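Enquirer: Sharing a structure, written as structure tokens. Questions coming.
Laboratory data are not the source of any read-out in this text; all were calculated from the coordinates shown. Predicted model only: the values in this text are computed from it and were never measured. Cβ placement follows ideal geometry from the backbone for every residue including glycine, while neighbour counts extend to all protein chains displayed.
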Amino acid sequence: MENRPPRNSFQNRFVVLWPWLFVLSIILFFACIRLRVLEMPLERDEGEYAYAGQLILQGVPPYELAYNMKLPGTYYAYALGMAIFGQTIAGIHLTLIVVNCLTLIFVFLLARKLFGTIAGIVACASYGVMSVSPSLMGMAAHANHFVVLFAVPATLLLLKQDENKSTTTLLFSGLLYGLAFMMKQQGIFFALFGWIFLFWRAARDKTIFSAVFATRSCAFALGIVLPFALFCLVSVLAGNFERFWFWTFTYARWYATAMPLSNGLALLKNHLQGTFNVSVGFWALSAIGLILGWLNRELRGRTCWVSVFWLCSFLATATGLYFRSHYFILVLPAFAILTGLGVVAMQRALRFPVLHDVFQSLPLILFGLIFSWVVFYQGQFFFQLPPLRAGASLYQYNPFEEALAAGDYIRGHSAPDARVAVVGSEPEIYFYARRHSATGYIYTYALVESQPAAAAMQRDMMRGIESQKPDFLVYVSFGLSWLVSPAGSEEPIDKWFDQYSGRFFEPVAVIHRNAAGRVECLQGDAAKKYRSMPDDYLAIFRRRT
């Protein structure tokens, strides 16, 4: 009898494991890039999430001491990460590394299920290099990273349910979509994709009016609604429901409808131009994938599927028409899968009987060149800049390094129960100082926007600070911490601040960048001359005894 290799031979195991070796290499590569700038100062969105997560760990519910329009899922995610890794900058960025690594695995699995192993590896590498890109502010632990962490496995479960017809699988898919929504309102567009897929399948199978479809729809809807319903109950019990609803729906609606279409399109154009050198190769592969996928009868159905997935992802990115760089993280999974489709579709188009292996390797070589160019183009940021300089290169004209110094100063010069009021949009100061805010208005953007409640918000903030009698005031002079709308504020808060601080406080420190570009903290008599500072600054005031 002819000798045959056993089923569990080394070759068979290698066939199973080699894709995961690639995925592991991709994960380690990008984790090392993130680890190198682990101590990069937090930007203000990270500061908001960090402060809210810190409050949760102290037993303070969301929207009690920190008001904002975002849903609270990312607050709890931060709290969990800080409970594991510590309430530090490094702890937050370690949480992001874990989130990013998990998302890379889910993107690989989803792309592999749709278009095969090669597409999965290409999509994984594409998502990795784009999600860490400074052009998308990918180093910061924005809520968008947490949205896709749940949206991608939710979509993977949706595909699995289409095979096993399990109502339980559909329930868990809806639950993950619900958690994606709780991370940020834009996550609802991924749930919309889930509904489109369900109705399309039911229409194809002619089961829309069947009891089976009704049962599955109820299970899917229950999963989506459950996280939100549970938090609403928690908010009611905490007595914060009215404030929660106002900020996350009423004010959020004003904010999302304030941007004119022409301005939004201009912002989109600017973003595309600014990221052209990084993304042009991936756009080319995605376009090739769409064209060849539609022309290939075997790939057409799945190409249609990923096109709708991309469209829903883009709608999430386009909400409000602000088109900020980190919003595009929401579209990266679909974009990466389209890139994987482009490589696979080209391989299928190049199936020639002569030199088969050579032609099949050409799309992979092309992708390797594009990937290498993107890494090389961003190489200085990835491999050379130290954390402080990396942060400065990303966030010019923002006081994020100054905020770190301000928080350290307050923490070192106050009791643990001291109250602080930051007049400006720098919530990271509360996190660094580990002190509670004397006002829930951790951002002043809403107070100076052209929106119906701006004047009332200003008065509410002033009264709140006066009644709380904070031990420290911090005034932020940086324009990007205010973004005053020309038709916004009716009652300028800066005039109130001058009067209030002059009556009850004295300047004790001024933090700014000196002529050498280094952040320095001026104290004593030098701090009292803050009004004559030639550049932007953070002024710290202490209540007079």
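Enquirer: So for the chain: antiparallel DSSP bridges make up what percent, rounded to the nearest 5?
Expert: DSSP beta bridges in the chain are roughly 75 percent antiparallel.
Enquirer: Let me ask something else about it. Please list, by residue number, every one of the chymotrypsin sites (Phe, Trp or Tyr not before Pro) in the stretch 424-506 that is coil in DSSP and has at most 14 other beta-carbon atoms within 10 Å.
Expert: Loop-located and lightly packed - none at all.
Enquirer: Separate question: Taking R0 as 25 Å, what FRET efficiency do you get between Asn296 and Asn270 from their Cβ-Cβ distance, rounded to the nearest 0.05?
Expert: For Asn296 and Asn270, the calculated efficiency is 0.10.
Enquirer: Same structure, new question: Kindly provide the GluC sites (Glu not before Pro) of the stretch 441-513 that DSSP labels as loop, not H, G, I, E or B, and whose Cβ sees at most 12 other Cβ atoms within 10 Å.
Expert: Loop-located and lightly packed - Glu490.
Enquirer: Something else now. Taking Rg/Rh (Cα atoms, Kirkwood Rh) straight from the coordinates, which label in [x] 1.06; [y] 1.02; [z] 0.99 is the correct one?
Expert: From the options [x] 1.06; [y] 1.02; [z] 0.99, the structure gives [y].
Enquirer: Still on this structure: Which distance in Å, rounded to a whole number, links the C-alpha centroids of the stretch 334-385 and the stretch 157-207?
Expert: Going from one Cα centre to the other spans 31 Å.
Enquirer: Still on this structure, I have one more. Can you give the net charge of the other residues whose Cβ lies under 13 Å from the Cβ of Ala119, counting K and R as +1 and D and E as -1?
Expert: Taking every Cβ under 13 Å from that of Ala119, the sum is +4.
Enquirer: Using Cα-Cα distances under 8 Å and only pairs 6 or more residues apart, what relative contact order does the chain have, in percent?
Expert: About 16 percent, as a whole number.
Enquirer: Between Ala515, Ser467, Leu267, whose Cα lies farthest towards the positive end of the dipole of the chain when Lys and Arg beta carbons carry +1 and Asp and Glu beta carbons carry -1, centred on the Cα centre?
Expert: Leu267
Enquirer: Classify the stretch 149-257: rounded, prolate or oblate, from the alpha-carbon gyration tensor (a ≥ b ≥ c, eigenvalue square roots; a/c under 1.5 rounded; otherwise prolate if a/b is larger than b/c)?
Expert: prolate
Enquirer: Identify the trypsin sites (Lys or Arg not before Pro) of the stretch 506-541 meeting these criteria: DSSP loop state and at most 11 other C-beta atoms within 10 Å of the C-beta.
Expert: Arg518
Enquirer: By how many nm would the segment from Val60 to Ile84 grow when fully extended, if each residue of separation counts as 0.36 nm and the alpha-carbon distance is taken off?
Expert: Computed gain between Val60 and Ile84 is 6.8 nm.
Enquirer: May I ask you to evaluate 6.51 cos²θ - 1.76 cosθ + 1.60, the Karplus curve with θ = phi - 60°, for each residue of the stretch 304-315 and list the ³J(HN,Hα) values in order in whole Hz, giving x for glycine and proline?
Expert: Values per residue, Gly and Pro as x: 4, 4, 6, 5, 5, 4, 5, 4, 5, 5, 5, 4 Hz.
Enquirer: Enter the angle in degrees (range 0 to 90, nearest 10) between the Cα long axis of helix 493-504 and the first principal axis of the Cα atoms of the chain, meaning the one along which they spread out most.
Expert: Once rounded, the angle reads 50 degrees.
Enquirer: At Trp254 and Asp408, where each label point lies 7 Å from the Cα along Cα→Cβ, what is the point-to-point distance in nanometres?
Expert: For Trp254 paired with Asp408, the spin-label model returns 3.8 nm.
Enquirer: Quote the FRET efficiency, to the nearest 0.05, computed for Lys113 versus Leu222 with a Förster distance R0 of 41 Å and r equal to the Cβ-Cβ distance.
Expert: Computed FRET efficiency for Lys113 and Leu222: 0.95.
Enquirer: Tell me, what HN-Hα J-couplings in whole Hz come from the Karplus equation 6.51 cos²θ - 1.76 cosθ + 1.60 at θ = phi - 60° for each residue of the stretch 281-295, using x for Gly and Pro?
Expert: Once θ is set to phi - 60°, the couplings for the stretch 281-295 become x, 5, 4, 4, 4, 5, 5, 4, x, 5, 5, 5, x, 5, 6 Hz.
Enquirer: Compute the FRET efficiency between Val236 and Gln384 as 1/(1 + (r/R0)^6), taking r as their Cβ-Cβ distance and R0 = 56 Å, and round to the nearest 0.05.
Expert: With R0 = 56 Å, the Cβ-Cβ based efficiency is 0.65.
Enquirer: Using a 7 Å offset from the Cα along the Cα-to-Cβ direction at both Val280 and Phe314, what is the distance between the two label points in nm, to one decimal?
Expert: Roughly 2.0 nm, to one decimal.
Enquirer: Within a Cβ distance under 15 Å of Val306, other residues only, what is the Lys/Arg minus Asp/Glu net charge?
Expert: That works out to +2.
Enquirer: Taking H placed 1.01 Å from N in the peptide plane, check which residues at least 5 places from Phe505 or on another chain put their amide H under 5 Å from its amide H.
Expert: Arg544
Enquirer: Suppose every Lys and Arg Cβ carries +1 and every Asp and Glu Cβ carries -1, with no other charges. What dipole size does the chain come out with about its Cα centre, to the nearest 20 debye?
Expert: Roughly 1360 debye, rounded to the nearest 20.
Enquirer: Between the helical axis of 44-57 and the dominant principal axis of the chain, each derived from Cα atoms, what acute angle in degrees is found, rounded to the nearest 10?
Expert: Tilt of helix 44-57: around 80 degrees.
Enquirer: Another question, if that's okay. Rounded to the nearest 10 degrees, what's the angle between the helix 454-468 long axis and the longest principal axis of the chain, both from Cα atoms, 0 to 90?
Expert: 60 degrees
Enquirer: Going 7 Å from the Cα of Thr167 in the Cα-to-Cβ direction, what parts of the stretch 198-225 have a backbone nitrogen less than 11 Å from that spot?
Expert: Only 211-220 fall inside the zone, counting backbone N under 11 Å.
Enquirer: Hey, another quick one. How much length, in nm to one decimal, is gained on full extension between Lys529 and Arg513, taken as 0.36 nm per residue of separation minus their Cα-Cα distance?
Expert: Here the answer is 4.2 nm.
Enquirer: For a quick protection proxy, order the peptides 392-400, 196-204 by their average other-Cβ count within 10 Å, most packed first.
Expert: Ranking the peptides 392-400, 196-204 by packing returns 392-400, 196-204.
Enquirer: At a threshold of 8 angstrom on Cα-Cα distance, excluding pairs fewer than six apart, so keeping six or more, what relative contact order does the stretch 262-384 reach in percent?
Expert: 32 percent
Enquirer: Okay, moving on. What value, in deg cm²/dmol to 500, does the helix sum -39500 (n - 2.57) over DSSP H runs of n ≥ 4 give at 222 nm once divided by the residues of the chain?
Expert: Computed ellipticity for the chain at 222 nm equals -21000 deg cm²/dmol.
Enquirer: Right, here's the next one. If you average the alpha carbon positions of the stretch 456-482 and of the stretch 40-74, how far apart do those two centres end up, in angstrom?
Expert: 18 Å
Enquirer: What are the ³J(HN,Hα) couplings of the stretch 132-148, residue after residue, when phi is run through the Karplus curve with 6.51, -1.76, 1.60 and θ = phi - 60°? Round to Hz, x for glycine and proline.
Expert: 9, 5, x, 5, 10, 6, x, 6, 8, 7, 6, 4, 4, 4, 6, 4, 6
Enquirer: Another question, then. Relative contact order for the stretch 416-545 using alpha-carbon pairs under 8 Å, separation at least 6, rounded to a whole percent?
Expert: 26 percent
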